[in-house]
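Colleague: Before anything else, here's the structure in question.
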Amino acid sequence: MARRGVPRAAVLALLLASATACANDIPDADWSRGLLPENITTQSDWIANLWNGAWIAALATGAVVIFLIVWACLFHRKRRAKAELPPQVRYNLPIEMLYTLVPLVMVSVFFFFTARDSRALEAMSPNPDVKVKVEAFQWSWRFTTTVNGKTLKPVVGQPVSDYLKGPQLVLPVNKKVEFDLESPDVIHSFWVPAFVFKRDVIPGIPEGNKGRRFQIDTLNKPNVYAGRCAELCGVDHSRMLFSVKLVSQAEWDQYIATQTGSAQ
Ligand SMILES: [Cu+2]
């Protein structure tokens, strides 16, 4: 029976290897970034710091707790030679204060940083440089970009198995971009892993509602990045792929000039 485990493990390893080989949209997970993908917005820097800081705090807390458990087990256990229990501590005010205050302080610190960053992430500037209306549908995306009061020709996609063949949203570097998310059918989720952020696209939210909009500040990292739907939305959900292309200002100007869009 023991021998059967080996080929099974080999098959599993092969399956995993082929699964990762098929998906070219999985970003490189780098330990120096806490296994997060490369981030391409100012906001994703904040998110990455919050995420990594929370992990460091949790791991440090875990290390202290495990140390205390092991220490208590080794040095404060009931000795075999002695019949009676070790000294039992109860109603010890200083210790009970400590039990109460230390977790309270820890939760408060987490809460403070989470609230501070959530607030910053939801902040909206009244004059973003670029506005993108994102329509998520079963099973692709339509991107309609407005810049300087001019609306460009919408980019519409269809289900694909390679994100580079999906609809491509072109955005300039070092600019403030506002997204407005809309769905005519079911709940989708707009996810660009390089934003280190995703938001559900929920049908029925009226236009102008703050819950369907968010803003990013793009960093100077021109490249093509993968995007996908992150909410199981039907049979072709896994093929609801798209890409975001960050371009320099010169390329952006050229792109706008070639997109003969209709007036708003
Ligand atoms: Cu979807």
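The values are calculated or read from the model by the stated rules, or taken from the named source; none is laboratory data. None of the values given here were measured: they were computed from a predicted structure. All Cβ positions, even for glycine, are placed from backbone atoms using ideal geometry, and neighbour counts span all protein chains on display. Remember, those area values only see protein heavy atoms, side chains included, never the ligands or the DNA or RNA. Shrake-Rupley method; radii C 1.70, N 1.55, O 1.52, S 1.80 Å.
Colleague: Among the residues of segment 203-217, write down those that are open to solvent by 50 Å² or more (accessible area, probe 1.4 Å) and touching a residue at least 60 places away in the same chain (Cβ under 8 Å).
Modeller: Correct list: Lys210, Arg213.
Colleague: While we're on this one: Taking segment 250-264 only, how many residues are among the small types (Gly, Ala, Ser) and touching a residue at least 60 places away in the same chain (Cβ under 8 Å)?
Modeller: Total meeting the criteria: 3.
Colleague: Is there any pair linking a residue in segment 225-249 that is more than 28 Å from Val173 (Cα to Cα) and touching a residue at least 60 places away in the same chain (Cβ under 8 Å) to one that is outside any strand (DSSP E or B) and near the ligand (Cβ under 8 Å from one of its atoms), with Cβ under 6 Å and at least six apart or on different chains, and which?
Modeller: Listed by first residue and then by second, the contacts come to Cys233/Val186; Gly234/Gln138; Asp236/Trp139.
Colleague: Might you check whether a residue that is of a type in the set (Phe, Trp, Tyr), over 27 Å from Trp46 (Cα atoms), within 14 Å of the ligand (Cβ to nearest atom) and in contact with a Gly (Cβ under 8 Å, 6 or more places away or on another chain) occurs anywhere in segment 116-138?
Modeller: Looking through segment 116-138, none of the residues is of a type in the set (Phe, Trp, Tyr), over 27 Å from Trp46 (Cα atoms), within 14 Å of the ligand (Cβ to nearest atom) and in contact with a Gly (Cβ under 8 Å, 6 or more places away or on another chain).
Colleague: Still on this structure, please answer the following. Under the condition of being in contact with a helix residue (DSSP H, G or I) (Cβ under 9 Å, 6 or more places away or on another chain) and open to solvent by 60 Å² or more (accessible area, probe 1.4 Å), which residue from segment 140-171 is farthest from Gln259 (Cα to Cα)?
Modeller: Filtering segment 140-171 for residues that are in contact with a helix residue (DSSP H, G or I) (Cβ under 9 Å, 6 or more places away or on another chain) and open to solvent by 60 Å² or more (accessible area, probe 1.4 Å), the one farthest from Gln259 (Cα to Cα) comes out as Ser161.
Colleague: Could you grab me the full set of residues in segment 154-197 that are among the basic types (Lys, Arg) and closer than 23 Å to Gln215 by Cβ?
Modeller: Lys175, Lys176, listed by residue number.
Colleague: Now for a different question. What number of residues within segment 161-212 are farther than 19 Å from Leu246 by Cβ, more than 13 Å from the ligand (Cβ to nearest atom) and within 16 Å of the chain's Cα centre (by Cα)?
Modeller: Going through segment 161-212 one residue at a time, the tally reaches 0.
Colleague: Can I ask one more? For the condition at pLDDT 95 or above, in contact with a Leu (Cβ under 9 Å, 6 or more places away or on another chain) and within 12 Å of the ligand (Cβ to nearest atom), what is the one hit in Leu246, Leu241, Leu219, Leu232?
Modeller: Leu241
Colleague: Output the residue which, of all residues in segment 114-139 that are open to solvent by 80 Å² or more (accessible area, probe 1.4 Å) and in a helix (DSSP H, G or I), is farthest from Pro172 (Cα to Cα).
Modeller: Arg116
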